[in-house]
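Let me begin by presenting the structure, written as structure tokens, before commenting on it.
Nothing in this text is a laboratory measurement; each read-out follows from the coordinates by a stated rule. Remember, it's a predicted structure, so these values are computed and weren't measured experimentally. Note: ideal-geometry Cβ built from the backbone for every residue, glycine included; neighbour counts use all protein chains shown.
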Amino acid sequence: MKDSEVIKKLRKENEEFKKLEDDHRKLDEYLDEMSKKKYLTAEEEMEKKTLQKKKLHYKDKMAQLIKEGRQSA
């Protein structure tokens, strides 16, 4: 099964995947807004780094679910 097919199936059947994907998208949009600022305070820089790590964690978890979905197909 192709990854795109696995992702479609996960979007329909897996609540965890849907939540991870939604949270990942929201973080991406928020980080996009942050990057448009000319200057970030030290606190904003720390928040940005934390959010980037969280976004990567979500992406890793989604990749793991896709891998598991591929193996069970």
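Would you mind finding the one in Leu10, Leu20 that is in contact with a Leu (Cβ under 7 Å, 6 or more places away or on another chain) and either among the hydroxyl-bearing types (Ser, Thr, Tyr) or in contact (Cβ under 8 Å) with a residue 12 or more places away in the chain (or both)?
Result of the check over Leu10, Leu20: Leu10.
Mind listing whichever residues of segment 23-54 are aliphatic (A, V, I, L, M) and either touching a helix residue (DSSP H, G or I) at 6+ places or on another chain (Cβ under 8 Å) or in contact (Cβ under 8 Å) with a residue 60 or more places away in the chain (or both)?
Restricting attention to segment 23-54, the residues satisfying the condition of being aliphatic (A, V, I, L, M) are 27, 31, 34, 40, 42, 46, 51.
Residues satisfying the conditions are Leu27, Leu31, Met34, Leu40, Leu51.
Within segment 55-72, count every residue that is touching a residue at least 40 places away in the same chain (Cβ under 8 Å) and more than 19 Å from Leu27 (Cα to Cα).
Keep residues of segment 55-72 that are touching a residue at least 40 places away in the same chain (Cβ under 8 Å), which gives 61-62, 65-66, 69-70.
After this cut, where a residue has to be more than 19 Å from Leu27 (Cα to Cα) as well, the list is 65-66, 69-70.
Number satisfying all stated conditions: 4.
Collect the residues in segment 4-59 that are basic (Lys, Arg), over 16 Å from the mean Cα position of the chain (by Cα) and more than 26 Å from Ala73 (Cα to Cα), keeping them in residue-number order.
Lys36, Lys37, Lys38
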